[in-house]
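Here the structure comes first, spelled out in structure tokens, and everything after it is commentary.
The values are calculated or read from the model by the stated rules, or taken from the named source; none is laboratory data. All figures in this text were calculated on a predicted structure; none of them were measured in a lab. Cβ: placed from backbone, ideal geometry, glycine included. Neighbour counts: every protein chain shown. Ligands, DNA and RNA are stripped out before the accessible areas are found, and what is left, the full protein with its side chains, is counted by its heavy atoms. Shrake-Rupley method; radii C 1.70, N 1.55, O 1.52, S 1.80 Å.
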Amino acid sequence: MDSGTVGVKEKETTSSYGMQTIIGSMMMFLLMVVFVGYSMIWIMMPTNTYYLHWLPDIHAKTDSTYFGQQGAGILVYTFPILFIATLGCLLLHIQNKTADNKNQSGVMKSLWKRPVLVKGPLGIVSWIELSFLAMFIALLVWSISSYLHGMFATISLQAAAKREHVWQAKLESTALMLGLVGNICLAFLFFPVARGSSILQLVGLTSEASIKYHIWLGHLVMTIFTAHGLCYIIFWACTSQISQMLKWEKIGISNVAGEVALLAGLAMWATSFPRIRRKIFELFFYTHHLYIVFIVFFVFHVGFSYACIMLPGFYLFMIDRLLRFLQSQQRIRIVSARVLPCEAVELSFSKIPGLSYSPTSMMFLNVPAISKLQWHPFTITSSSNMDPDNLSVVVKSDGSWTRNLYQKFASSSTCPMDRLEVSVEGPYGPASNNLLRHDTIVMVSGGSGITPMISIIRELLSQANDSGKKTPQVLLITAFKKSLDLTMLDLILPPSGTNLDISCLQLQIEAYVTRENQPATHNQKPLQTIWFKPDPLDSPVSAVLGRNSWLSLGVIISMSFIIFLVLMGILTRYYIYPIDHNSNLIYSASYRSALNMLLLCVSIATTATAVFLWNKKQNSKETGQIQSIDTPPQITTSPSARFYNADRELESVPHQSFVQSTKVHYGTRPDLQKILWDCEGSSIGVLVSGPRKMRQEVAVVCSSPSAHNLHYHSMSFSW
């Protein structure tokens, strides 16, 4: 190819990148406009201006024979968030198709992710998290004060009209206010647990990192709703209206439905506290499925129109949950398992070459032979660029489920197994890490926190061998309790070794063994690898929505919502309106809410399943190619030959280079503050994964005003 052709292609690429950047900027501006407008609705909602002027005008313009009064709720509360989610999917799709982000944008994103709060009930909080947290708290304070001010202003007249004491009228108003504020908290509850959410990606968060907000929102929701229910019970008891607890009205609030929802919520709340969740996880897991009862009866309690306030988050969660269910029905092929002396095992799964994921991504595993219902998250240690055909995770024996899984592989020398049924959900992770913009990367890990670092090193090693990319210097500071855990470093290379030139990556490893003063003298078992026979029933790991996952997700969100509106419009116009005329006298509010929820589920299930099956068909050719791979030569021999000493593969020049580049310190802990301050460079990326105390220590250093060149990245890990 001559230089002229190359120049033309470079110009076309530059022009395409520039056009996509412009489109992305316009979409981001539109997202901000919609978000600001939606925020104004939340700010005005507690005021009399909204209820006495805005809302009646909206109803007058949107109420129709097709949607009734529900049209206003859908338009004002539900549509904006689903529009943002859909447009966000398109924006993320464009970003995935463009080249790496500019350094300036990466720096700005890093500044927003800089830790500002290090210690507290929420752990380490970045500037962007603090910004949204401050807006949420301000919204709650504003709502409480506005509701109480508006309700208490006419409390004397209301009390006189109902022949009540003033304190009783205030108690009733307070109970109503608590219900309204609780619904605000409920509206945000499901966003953090939608693992594939575009909204979380837009603000730079992942579901795993934001799960703490789901926990605290859950506590807040149940505290407010419990107080809401108790206040009404006390008010009814004091005013001789205790029979109100048994009323289920055709129009308006249904008290019985609210009580059922509250009881379901209390059951979930009681089993979600850390002590119970850790000791009796199965009880927590099963009880948490009462969220279905909670949501259904909450909608019956307040009506579908008002439930549209909390609907967007739950809508996105339903889509995500259904896609996870569809993906989990496939059995995944295990290629190999590397059994480490430190009671850990690296599982390598077959994957389609088109599956790409970022370092530090995670995946959920289910092994029916151990438990048919339990799913456990594990950090992916492989790199999709280094190993396009396999995906690996590390499982450490640390609990009953992981211990049982490890024992299955550890005992394979005496009880060989040819196949193990495994289902997966994921991968899930950040859209990109943009690590190449740093001059130096300092990775700090403690114990099992080494697993995300392995994926990053593999990714950097792959990129270092790309002649067109310059990789930063890498310093890995890792701490283990025992010298036996040092064998985790053997996982830096995949089980089949690598043909990449490791000298291209400037890697320095400083390992600390904290509970031993010298190397262990006892004989340790060698690292061993088990190869599994391929089974035609097993499938390789693939993205649940294919290569263009964000685009497919945007189609599901938009099309399912359109189908729901069409079905609801047809049902209302041609079934309910001719008989009831939208009066709720013949068809009660609960009956219409049940129909709407049914239509919602049908719309989501139909659209998500259709898109999933279409993407599955697109992946069938790649799947067929992988399943036709020849059986490894070890499997054709006796069963004992499948379980062998992996040193014969790993005793290669690349592996020796990793060993030689590792400096081990015994009987001491790393002085992280000194190490970080001694690092030189204009842009130093600091990644930490490990115990909470370690993450806080690193965050304190990076949040210092003088540490302008340190860019903090906290990572969650699972194994």
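Computed values, structure above
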{"item": "One residue from Ile276, Ile251, Ile224 being open to solvent by 50 Å² or more (accessible area, probe 1.4 Å), under 22 Å from Ser173 (Cα atoms) and of a type in the set (Val, Ile, Thr)", "result": "Ile251"}
{"item": "Matching option when the condition is more than 23 Å from Gly229 (Cα to Cα) and without any contact (Cβ under 8 Å) to a residue 24 or more places away in the chain, among Ala209, Ala169, Ala138, Ala194", "result": "Ala138"}
{"item": "Residue in segment 186-197 that is modelled with pLDDT under 95, out of contact with any Cys (no Cβ under 9 Å at 6 or more places or on another chain), aliphatic (A, V, I, L, M) and surrounded by fewer than 19 Cβ atoms within 10 Å (Cβ to Cβ) present", "result": "no"}
{"item": "Which listed residue, of Phe294, Phe304, Phe325, Phe284, is open to solvent by less than 20 Å² (accessible area, probe 1.4 Å), out of contact with any Pro (no Cβ under 6 Å at 6 or more places or on another chain), free of Cβ contacts under 8 Å to residues at least 40 places away in the same chain and on the phi < 0 side of the Ramachandran plot", "result": "Phe294"}
{"item": "Tally, over segment 218-238, of residues that are touching a Cys at 6+ places or on another chain (Cβ under 6 Å) and either among the basic types (Lys, Arg) or farther than 21 Å from Asn255 by Cα (or both)", "result": "1"}
{"item": "Failed condition for Arg338, given (1) surrounded by 22 or more Cβ atoms within 10 Å (Cβ to Cβ); (2) within 20 Å of the chain's Cα centre (by Cα)", "result": "(2)"}
{"item": "Pair list, Cβ < 6 Å and 6+ apart or interchain, from segment 455-481 residues that are over 17 Å from Arg437 (Cβ atoms) to residues that are hydrophobic (A, V, I, L, M, F, W, C) and assigned to a helix (DSSP H, G or I)", "result": "Ile457/Ile492; Asn465/Cys504; Thr478/Ile450"}
{"item": "Pro430 vs. criteria farther than 23 Å from Ser542 by Cβ and open to solvent by 30 Å² or more (accessible area, probe 1.4 Å)", "result": "no"}
{"item": "Meets criteria (touching a residue at least 40 places away in the same chain (Cβ under 8 Å) and not polar (S, T, N, Q)) for Val256", "result": "no"}
{"item": "Which listed residue, of Ser110, Ser156, Ser143, Ser131, is on the phi < 0 side of the Ramachandran plot, at pLDDT 90 or above and of a type in the set (Gly, Ala, Ser)", "result": "Ser143"}
{"item": "Single residue of Ala344, Ala337, Ala410 found to be under 20 Å from Leu527 (Cβ atoms) and out of contact with any helix residue (DSSP H, G or I) (no Cβ under 9 Å at 6 or more places or on another chain)", "result": "Ala410"}
{"item": "Qualifying residue in segment 387-397 (condition: in a loop (DSSP other than H, G, I, E, B), open to solvent by less than 10 Å² (accessible area, probe 1.4 Å) and within 26 Å of Leu500 (Cα to Cα))", "result": "no"}
{"item": "Residue in segment 377-384 that is surrounded by fewer than 23 Cβ atoms within 10 Å (Cβ to Cβ), touching a residue at least 24 places away in the same chain (Cβ under 8 Å) and assigned to a loop (DSSP other than H, G, I, E, B) present", "result": "no"}
